[in-house]
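Read through the structure below, which is laid out as structure tokens, and then see the notes.
The values are calculated or read from the model by the stated rules, or taken from the named source; none is laboratory data. For clarity, every value in this text was computed on a predicted model and none was experimentally measured. Here the Cβ is made from the backbone with ideal geometry for all residues, glycine too, and neighbour counts use every protein chain on show. We work out accessible area using only protein heavy atoms, side chains counted, and drop any ligands, DNA or RNA first. Shrake-Rupley method; radii C 1.70, N 1.55, O 1.52, S 1.80 Å.
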Amino acid sequence: MKKPLTFIIVLLLTNCFSSVGQQLPPIFGEQVQARKDSRTTTYLTPQRIVWTSDKTGNYISNEEKLLIPGTGQADLVHQNVAYFKSKDGHVPSIILDFGKEIQGGLQLITDQPADHRPIKLRVRFGESVSETMSEIDTISGATNDHAMRDFEVEVPWLGMANFGNTGFRFVKIDLIEPDRELQLKEVSAIFQYRDIPYLGSFKSSDDRLNQIWNTGAYTVHLNMQEYLWDGIKRDRLVWVGDMHPEVMTINTVFGKNEVVAKSLDQARDITPLPGWMNGISAYSMWWVLIHRDLYKNQGDMDYLRQQQKYLVGLLAQLIQKTNDKTEVLDGMRFLDWPSSENKEGIHAGLHAMMVMTLEAGAELCLILDEPAMAVQCRETVSKLRLYVPEVNDSKQAAALLSIAGIMDPQKANDDVISKGECERFSTFYGYYMLQAKAKA
């Protein structure tokens, strides 16, 4: 039976509309592989002009127009345009302040100069004004490690261009091509972040302390990109050890978030046993500790079950890296950078971590119906507790031994951690030193 034309049209439209909400439009078909980005993108207008290279108006004019919120679209109206002219050997430059450190890049909207050729610019991002004016030396100053913060680009005539992917608050733009005119309609910061509520909060009678807490929460929020990064500007990697204080912050401030499981699973999946996560034996131990704390906070049994096979294998491997009463871990033997030259301190810290990890492993194994492995973990811990290693003035080791219950907290604090106040504290191990001081 022939179908009427109207029926066929309705059928086609129904099939088309049923595809709404798919990751890609139906025209792509089923063969195209794609990944979804769960972040939000917002475009920020500069809040102020910090500095310009020209106060005469000969090389830069109408720069205040860049503080007007834009649309992100080039047009033919030619209003609210800033002009930069590179002539007489002058390099016109401007520094813009977006008011807050963010993760993302820069969007430039150009107007219609007479010369239609692309224009070459130098763009420098910075957390500070001085960083935008510094040179790359990779030793004592700025770097382009992990994220480019200093580079040359070309912008189109009457168009839009996006550049950069880093952490910054300030941007410096130089018109480096001689005898050219740059007409800028808009400069916007491209802010990428997870649009999630702050469920946890902190408020005390000390405003400075409140600011510190808020800055810490926001810093971790910025690091919650597609994966949980160690640093928004330089260490844009999933460092599993450093994730431990980050995950505690996320549990406290944001609650359950997909970025944690995504990052933990990525580390697991790219590190088949007997490998160590990030090449560091301690970081595989931190993976166990994170999962123990995560389960205590979230109670997600289904997710914990997904770790069972790897977890049991890792615990068996760790037990093999003990010899009678002490740890004999291989791989990179590392706690944090301030302690990296202190071999005795590293040994003491790894010994404490082995105790902490196997105790956490025993807890998880009982939850996962792995009683035999739980017994092996606890038997190994009993032996390890008979040995108290020398910390060699390592605050990191003293803190871990105190937390593990191997070293008296008061002795650890008085003899080691409190000496020199905050000397040899680090952004990673500072938390554990404070935790040990609290135990004292």
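For the reader, a short list of remarks on this structure follows.
- Sequence-ordered 3J(HN,Hα) estimates for region 252-258 from the Karplus curve with 6.51, -1.76 and 1.60 and θ = phi - 60° stand at 6, 9, 10, x, 5, 9, 4 Hz, glycine and proline given as x.
- Of K296/K321; K256/K309; K65/K262; K296/K383, pairs whose Cα-Cα distance is over 31 Å: K65/K262
- Most positive-pole-ward Cα, V328, Q73, V391, against dipole of the chain from beta carbon charges: Q73
- Separation of region 177-230 and region 295-369, taken as the distance between their Cα centroids, equals 33 angstrom.
- The residues of region 362-440 present an accessible area of 50 Å² per residue when probed at 1.4 Å with all protein chains retained.
- Point-charge dipole on Cβ atoms (K/R +1, D/E -1) for region 254-330, about Cα centre, debye to 20: 120 debye
- Translational diffusion coefficient (Stokes-Einstein; Kirkwood radius from C-alpha pairs) of region 356-423 at 4 °C, 1.567 mPa s, in µm²/s: 97 µm²/s
- Straight Cα distances below 18 angstrom link K343 to the aspartates and glutamates E327, D330, E390, D393, with same-chain residues fewer than 8 positions distant left out.
- To the nearest 10, the accessible area of I27 is 150 Å² with a 1.4 Å probe.
- Student exercise, region 269-420 dipole from Lys, Arg, Asp, Glu Cβ charges, in Debye to nearest 20: 120 debye
- Counting DSSP beta bridges with both ends in the chain, the antiparallel % (nearest 5): 95 percent
- Whole-Å semi-axes of region 138-292's equivalent ellipsoid (Cα gyration tensor): 35, 22, 15
- Accessible area expressed per residue, region 166-302, with surrounding protein chains retained (probe 1.4 Å, Å²): 41 Å²
- Per residue, region 60-156 exposes 47 Å² of solvent-accessible protein surface, assessed with a 1.4 angstrom probe and all protein chains in place.
- Value of Rg/Rh across the chain [Cα atoms, Kirkwood radius]: 1.08
- Note on the chain: dipole from Cβ charges, positive end direction compared against G241, Q31, N342; the farthest Cα belongs to Q31.
- In order through region 373-384: 3J(HN,Hα) via Karplus (6.51 cos²θ - 1.76 cosθ + 1.60), integer Hz, x for Gly, Pro: 5, 4, 5, 4, 4, 6, 5, 5, 4, 4, 6, 5
- Accessible-area composition of the chain, carbon plus sulfur, in percent [1.4 Å probe]: 53 percent
- The chain, relative contact order in percent, only Cα pairs under 8 angstrom and at least six apart counted: 12 percent
- Region 297-376, Cα convex hull volume normalised per residue, Å³: 114 Å³
- Extreme residue, positive dipole direction of region 150-303, given options I290, N162, T219 (C-beta unit charges): I290
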